[in-house]
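Participant: Before I ask anything, let me first share the structure, which is written out below as structure tokens.
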Amino acid sequence: MKADKIPSFLSQLSDSNNQKILIEGVWGIGKTKNITDFIKESDSSNDTVYYVSLFGRKDIESIINDLYFQIIESLPYAKLEKLGKSISKKLETVNFSYYGFSLSIPLLASLESSLQKKLNTRGRSIVILDDLERKHEELDIREVLGLIDNLAKIDGIKVVLVGEIDKLNSEQETFNQYKEKSIDRSYKIDKFSDDALESILGNDVLRAVNFMVGDLSLMNLRTAEKINMFIDEVMSVVGDDGFTNKFTKSDLYKMCYAVVYYIVEDKEEKKFLSKSKDSTTSLSNATYNAGEKGTTLYLLRYIITTSLENEMSNTILPILLSWYKTGDYSKKVFLEAIQAINVYEEPIGFYSSEEQIRKSIITAKEIINNIDGSKSLGSIMVHIKFGYGWGKLVKEEFMDQYEIVEKIAPAITNSIEIDKSAYLNLISNYGAMSSSEDITKVIELINQKIKEEYFKKLLESVTNEHYNGEYNSLKYLHILREQISQRIPIEILKVIINSFEDKHYLLPNLKGQINENKWSWSRLIVYLIKDLQNECPEASIVNNLKVHLNSLKNGDTDKMHEHRVSILLDTLDNKGEML
């Protein structure tokens with residue numbers, strides 16, 4: 001039965017002989033939504049509906065209390081006041097409080113009967129108990145069925161139990177055992193309402209992802225709601241001006257849909273991959289399981305399934321994936337990637353001609369040859385991946401990898417953020433056509449350049465702090481020491497070592513009166529030098545520092561300076577206090 005039939009058979013319940021009915025269906029198929037629609041419609045009828053969610057309920061008492069609140073709170077104050085005397089006698093033995101009190105099933109029957117009589121109500125009351133499978137484990141399923149049985153014995157009350165029975169786990173067998181005695185009629189909801197997805201996603205989104213809906217058999221309307229919210233979130237960042245015939249709303253809808261479906265509905269399980277264990281399948285699956293890059297390819301191949309209106313748009317898919325998973329993304333990088341897509345004269349994809357593709361490859365070359373430092377690496381990678389990916393397809397030679405790195409060097413330098421680790425500055429090999437060896441090689445060269453520029457900038461910041469003579473901040477010195485232990489290339493280690501030796505190890509003058517800043521800096525420099533020695537055993541930086549420090553002591557008449565230098569020497573020999 002479709003979910004939109006729920007209001008219809010609930011509205012007929014008053015005239016039915018059935019007292020206790022069960023509405024069963026998977027979570028998110030639209031049960032609660034259509035029950036809510038029925039409750040709204042019942043406002044204009046003689047039927048009174050009381051709705052209670054069992055989510056998290058630990059005892060029957062809390063459910064009964066909820067029903068009392070709803071019965072009392074639904075009445076106009078004047079009418080409730082008239083009922084006060086007759087009802088108060090029934091409440092004399094109860095600790096009454098508007099916000100919380102304990103009452104019993106017999107009292108509920110009396111109260112309901114009194115209310116109907118005094119208010120001349122002719123309709124019936126329907127009690128709906130929703131979210132059965134989400135009750136607390138302390139609430140026994142037999143207690144719930146007992147409550148239903150007792151409620152149904154009250155004249156004028158019918159009870160509707162709603163839930164996903166398959167999710168009752170260990171209590172499912174008990175439920176099935178008592179179901180025949182406790183339930184008069186069951187309804188199985190196994191399909192969405194005809195207009196369910198359209199009402200949530202809207203016509204434009206549904207039209208864009210319609211083929212995906214059919215292929216993926218979306219079974220949870222709450223997933224659709226989350227898809228819609230994510231689309232709205234992304235659209236608010238892009239703005240109307242960001243969409244063109246190159247970067248389209250349709251492509252964005254498809255990618256947002258795929259991301260949310262994969263994370264929420266499939267729980268990041270790549271369930272569409274073949275289970276075959278033959279070598280060919282295993283090799284193919286390994287590609288789709290290769291981290292972020294593999295997941296991006298999986299979404300394109302198995303969830304989006306067909307060509308985007310512009311294949312270049314898939315370069316923002318990894319950004320959307322990370323955005324939804326972590327909530328973290330760079331608005332600047334995201335918008336620049338979209339701008340890079342919109343630079344081309346026309347969208348490129350499966351339906352493009354070879355001439356159109358070759359023309360766009362020429363455009364990509366021109367863009368890279370004229371890159372300045374203001375462009376982000378993310379937007380530049382859009383052009384690089386496009387050039388290599390489509391160039392290979394139409395047998396059009398793109399550019400030499402070393403030439404590319406040289407051309408985009410200003411952008412690489414400007415992209416460095418030394419407040420982050422070197423690793424977090426690197427770019428990832430993701431995107432639809434990132435499996436190309438050319439792309440892998442150029443990314444490797446870019447990341448090598450990023451590391452070189454990162455440590456160059458970090459050393460510059462440490463050096464500037466030394467030469468300004470204040471030593472107020474150890475921030476970049478700490479970052480440098482931390483990064484040295486991250487297995488950086490030996491060539492970079494040697495550059496760092498040479499830089500320290502050329503600048504007399506960036507040690508401050510320790511003569512006369514000094515402050516804590518100078519001394520902390522000096523000690524941290526010594527520990528950093530020892531770390532460099534450990535990471536580069538072939539170097540002699542520790543011995544060279546000892547020679548330098550001993551030269552400072554020779555003929556020294558400042559005994560405090562001599563003492564301080566001696567402590568640093570002891571630290572180099574592992575005799576000093578560790579930092």
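Participant: Ordering 159, 237 by accessible area with a probe of 1.4 Å, largest first, what comes out?
Facilitator: Descending order: 237, 159.
Participant: Within the range 340-413, which trypsin sites (Lys or Arg not before Pro) sit in a loop by DSSP and count at most 13 neighbouring Cβ atoms inside 10 Å?
Facilitator: Passing both the DSSP loop test and the Cβ count: 395.
Participant: Which of the lysines could a cross-linker bridge to residue 158, judged by Cα under 22 Å and excluding same-chain residues fewer than eight apart?
Facilitator: 5, 20, 31, 33, 40, 117, 118, 135, 179, 181, 188
Participant: Here is a further query. Mean separation of Cα pairs under 8 Å and 6+ residues apart, divided by the residue count of the chain: what relative contact order is that in percent?
Facilitator: 11 percent
Participant: Any idea what angle helix 559-572 forms with the longest principal axis of the chain, computed on alpha-carbon atoms, 0 to 90 degrees, nearest 10?
Facilitator: The two axes meet at around 70 degrees.
Participant: Follow-up question, since we're still on this one. Using DSSP to call loops (not H, G, I, E or B), can you name the trypsin sites (Lys or Arg not before Pro) in the range 184-289 whose Cβ has at most 16 other Cβ atoms within 10 angstrom?
Facilitator: Filter output for the range 184-289: 267, 270, 271, 275, 277.
Participant: Counting helices only, and only those DSSP H runs with n ≥ 4, report the 222 nm mean residue ellipticity of the chain as the sum of -39,500 (n - 2.57) divided by its residues, in deg cm²/dmol to the nearest 500.
Facilitator: Rounded to the nearest 500, the figure is -17500 deg cm²/dmol.
Participant: Next question. For a protection proxy built on the mean count of beta-carbon atoms within 10 angstrom, sort 12-21, 443-452 highest first, please.
Facilitator: 443-452, 12-21
Participant: Give the residue list of chymotrypsin sites (Phe, Trp or Tyr not before Pro) in the range 331-428 that are DSSP loop and have at most 15 other beta-carbon atoms within 10 angstrom.
Facilitator: Those satisfying the criteria are 350, 351.
Participant: Right, next: When only alpha-carbon atoms count, how far does the chain stretch along each of its three principal axes, as whole angstroms with the largest first?
Facilitator: 108, 74, 50
Participant: Could you sort the peptides 524-533, 314-323 by per-residue average Cβ neighbour count (10 Å cutoff), highest mean leading?
Facilitator: Ranked from most to least packed, the peptides come out as 314-323, 524-533.
Participant: Once amide H atoms are placed 1.01 Å from N in the peptide plane, what residues at a sequence separation of 5 or more from residue 310, or on another chain, have their amide H within under 5 Å of its amide H?
Facilitator: Residues meeting the criterion, in which the H sits 1.01 Å from N, do not exist here.
Participant: Rounded to the nearest Å, what's the spacing between the alpha carbon centres of the range 419-493 and the range 355-413? Just the number, please.
Facilitator: Going from one Cα centre to the other spans 23 Å.
Participant: Follow-up question, since we're still on this one. Residue-wise, which Karplus ³J(HN,Hα) couplings in Hz belong to the range 404-417, taking 6.51 cos²θ - 1.76 cosθ + 1.60, θ = phi - 60°, and x for glycine or proline?
Facilitator: Per-residue couplings from phi come out as 4, 4, 5, 5, 9, 3, x, 5, 4, 4, 6, 7, 5, 10 Hz.
Participant: Now for a separate question. Taking Cα pairs under 8 Å and at least six residues apart, what relative contact order does the range 288-437 come out at, in percent?
Facilitator: It rounds to 29 percent for the range 288-437.
Participant: Of the listed pairs 2/254; 518/553; 325/456, which have alpha-carbon separations greater than 23 Å here?
Facilitator: The pairs that break the limit, which is 23 Å between Cα atoms, are 2/254; 325/456.
Participant: Next question. In cubic angstrom, how much convex hull volume per residue do the alpha carbon atoms of the range 364-475 span?
Facilitator: In the range 364-475, the Cα convex hull volume per residue is 95 Å³.
Participant: Explain nothing, just the number: relative contact order of the range 235-355, from Cα pairs under 8 Å at least 6 residues apart, as a whole percent.
Facilitator: Relative contact order of the range 235-355: 38 percent.
Participant: Let me ask you something else. If you put +1 on each Lys and Arg Cβ and -1 on each Asp and Glu Cβ, how big is the dipole of the chain around its Cα centre, in Debye rounded to 20?
Facilitator: Value, rounded to 20: 1100 debye.
The values are calculated or read from the model by the stated rules, or taken from the named source; none is laboratory data. On a predicted model such as this, the values are computed, not experimentally measured, just so you know. Using ideal geometry, Cβ is built from the backbone for each residue, glycine included, and neighbour counts are taken over all protein chains shown. Ligands, DNA and RNA are stripped out before the accessible areas are found, and what is left, the full protein with its side chains, is counted by its heavy atoms. Shrake-Rupley method; radii C 1.70, N 1.55, O 1.52, S 1.80 Å.
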